[in-house]
1. With 10 angstrom as the radius, rank Val151, Val37 by how many other C-beta atoms surround their C-beta, starting from the fewest.
2. Order by neighbour count: Ile165, Ile113, fewest other Cβ atoms within 10 Å first, most last.
3. Order 115-125, 53-63 from most to least packed using the mean count of other Cβ atoms within 10 Å.
4. Mind giving me the nanometre distance, one decimal, between the label points for Arg35 and Ala11, set 7 Å out from Cα along Cα→Cβ?
5. Return Leu13, Leu141 ranked ascending by Cβ neighbour count within 10 Å, so the fewest neighbours appear first.
Amino acid sequence: MAGRDIRRVGARLLAERAVRADGAAEDRPVATVARTVTVNLAESPLVWLRARGRLSARQFDAGEQLRADWERAGMAPRVTMRWDGAGRGGRGRGAADPSLAALDARRRFDAAIAAVGPGLSDIVWRVVCGGEGLAPAERALGWPARAGKLVLGLALDRLADFYRIGGAGGRPR
């Protein structure tokens with residue numbers, strides 16, 4: 001994130017991010033790409049930790065992959081009613097089956113959480129998927145202050161191994 005022009009607007013940290021044609025974000029200078037978007041760097045605990053050097057790139061990418069699988073699987077709580085078509089005669093009460101992409105994402109998510117393990121999956125779910133900060137997650141789990149950072153790092157390392165994310169694992173400070 002070095003060299004980025006970050007500005008604070010209220011509680012948000014806004015920055016310009018380059019976007020490739022396939023929709024993926026890039027870490028190239030904004031001036032060298034055709035399209036940019038403004039992103040809120042403060043919206044995710046993972047982004048916050050990464051911006052302050054508390055997570056390695058490998059750990060961050062693993063967390064983002066888990067969150068993407070969680071969202072693709074449709075596991076986030078709904079904030080509005082479902083607008084799917086209602087089932088019709090003889091088909092029972094349900095609407096159409098979930099898409100194959102959602103089913104694949106659900107399988108990947110479940111396998112990733114299993115790979116992280118029962119002692120580490122609580123913190124990774126709370127921070128990555130639930131969007132909780134480390135301090136509230138530590139309190140909810142009954143852990144001492146600052147224990148979550150260490151445990152989250154271990155969990156994200158296991159996730160990176162599961163997703164086969166290479167690169168320098170290197171421990172952040």
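Here, each number is a calculation from the coordinates, and none is a lab measurement. Keep in mind that this is a model prediction, so the values were computed, not measured. Cβ placement follows ideal geometry from the backbone for every residue including glycine, while neighbour counts extend to all protein chains displayed.
1. Ordered by Cβ neighbours within 10 Å, fewest first: Val37, Val151.
2. Working: Ile165 19, Ile113 22.
Placing the least packed residue first, the sequence is Ile165, Ile113.
3. The densest-packed peptide leads the list: 53-63, 115-125.
4. In this crude spin-label approximation the distance works out to 3.0 nm.
5. Leu141, Leu13
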